[in-house]
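**Student:** Sharing a structure here in structure tokens format.
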Amino acid sequence: QVQLVESGGGLVQPGGSLRLSCAASGIIFSDYAMTWWRQGPGNQRELVATIFTTGTTTYSDSVKGRFSISRDNAKNTVYLQMNSLKPADTAVYYCRIYNMNYWGKGTLVTISS
């Protein structure tokens, strides 16, 4: 059974940083590209970052230069390092296996002073 469990969310002041983690089980993790999505209040869920099995990464324009996605295949974990956080980054953050309908339950990130 595929499981994705996000962690690391919380309340941070504008300009701060957070690192999210997503632990995967039930798959051969190294075989899959992984993605981070987010859904802010009143917004549709949007793709934030992707990391392919090759290590190639892509980012949405809204986070490029501030967020960094990485993976540790030995730990079956994908990370999202978020820097220079803004109130507009407030959202529930989800990880998802690329192109597959497996999602975690999400972790809430709130950016507020």
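The values are calculated or read from the model by the stated rules, or taken from the named source; none is laboratory data. Bear in mind the structure is a predicted one, so any value in this text is a computation, not a measurement. As a convention, Cβ positions derive from the backbone with ideal geometry for all residues, glycine included, and neighbour counts pool all protein chains shown. With ligands, DNA and RNA removed, areas are computed over all heavy atoms of the protein, side chains included. Shrake-Rupley method; radii C 1.70, N 1.55, O 1.52, S 1.80 Å.
**Student:** Out of Ser30, Ser21, which single residue is farther than 14 Å from Trp103 by Cβ, open to solvent by less than 60 Å² (accessible area, probe 1.4 Å), part of a strand (DSSP E or B) and among the hydroxyl-bearing types (Ser, Thr, Tyr)?
**Tutor:** Details: Ser30 fails: part of a strand (DSSP E or B).
Exactly one residue qualifies, and that residue is Ser21.
**Student:** Tally time: how many residues in region 38-75 are polar (S, T, N, Q), within 16 Å of Leu108 (Cα to Cα), modelled with pLDDT of 95 or more and assigned to a loop (DSSP other than H, G, I, E, B)? I'd like the intermediate steps shown before the answer.
**Tutor:** Initially, region 38-75 is screened for residues polar (S, T, N, Q), giving 39, 43-44, 50, 53-54, 56-58, 60, 62, 68, 70, 73.
The next check asks that each one be within 16 Å of Leu108 (Cα to Cα); those that pass are 39, 43-44.
Applying the additional criterion that residues be modelled with pLDDT of 95 or more yields 39, 44.
Among the residues that remain, those that are also assigned to a loop (DSSP other than H, G, I, E, B) are: 44.
Within region 38-75, residues that are polar (S, T, N, Q), within 16 Å of Leu108 (Cα to Cα), modelled with pLDDT of 95 or more and assigned to a loop (DSSP other than H, G, I, E, B) number 1.
**Student:** Going through region 99-109 one residue at a time, which ones are loosely packed, with under 14 Cβ neighbours inside 10 Å and not basic (Lys, Arg)?
**Tutor:** So the first thing to find is which residues in region 99-109 are loosely packed, with under 14 Cβ neighbours inside 10 Å, and the list is 99-101, 105, 108.
Passing the criteria: Asn99, Met100, Asn101, Leu108.
**Student:** Here's something else I'd like to know. What number of residues within region 83-104 satisfy the criterion of being closer than 23 Å to Ser30 by Cα, hydrophobic (A, V, I, L, M, F, W, C) and not in a loop (DSSP other than H, G, I, E, B)? I'd like the intermediate steps shown before the answer.
**Tutor:** Filtering region 83-104 down to residues closer than 23 Å to Ser30 by Cα leaves 93-104.
Then keep just the ones that are hydrophobic (A, V, I, L, M, F, W, C); that gives 95, 97, 100, 103.
Subsequent filtering for residues that are not in a loop (DSSP other than H, G, I, E, B) retains 95, 97, 103.
Of the residues in that region, 3 qualify.
**Student:** Additional query: So which residues in region 44-93 are of a type in the set (Gly, Ala, Ser) and either closer than 28 Å to Ser112 by Cβ or surrounded by 20 or more Cβ atoms within 10 Å (Cβ to Cβ) (or both)? So that I can check it myself, show each step before the final result.
**Tutor:** The first filter runs over region 44-93 and keeps only residues of a type in the set (Gly, Ala, Ser), leaving 49, 55, 60, 62, 65, 68, 70, 74, 84, 88, 91.
Within region 44-93, Ala49, Ser60, Ser62, Gly65, Ser68, Ser70, Ser84, Ala88, Ala91 meet the criteria.
**Student:** Hey, among Glu46, Glu6, which residue is in contact with a Gly (Cβ under 6 Å, 6 or more places away or on another chain) and of a type outside the set (A, V, I, L, M, F, W, C)? If you could, list the steps in order and put the result at the bottom.
**Tutor:** On the way: Glu46 fails: in contact with a Gly (Cβ under 6 Å, 6 or more places away or on another chain).
Selected residue: Glu6, the only one of Glu46, Glu6 that is in contact with a Gly (Cβ under 6 Å, 6 or more places away or on another chain) and of a type outside the set (A, V, I, L, M, F, W, C).
**Student:** Still on this structure, please answer the following. Against the condition within 16 Å of Gln3 (Cα to Cα), of a type in the set (A, V, I, L, M) and within 14 Å of the chain's Cα centre (by Cα), how does Ala91 come out, does it pass?
**Tutor:** Working: within 16 Å of Gln3 (Cα to Cα): no; of a type in the set (A, V, I, L, M): yes; within 14 Å of the chain's Cα centre (by Cα): yes.
In short, no.
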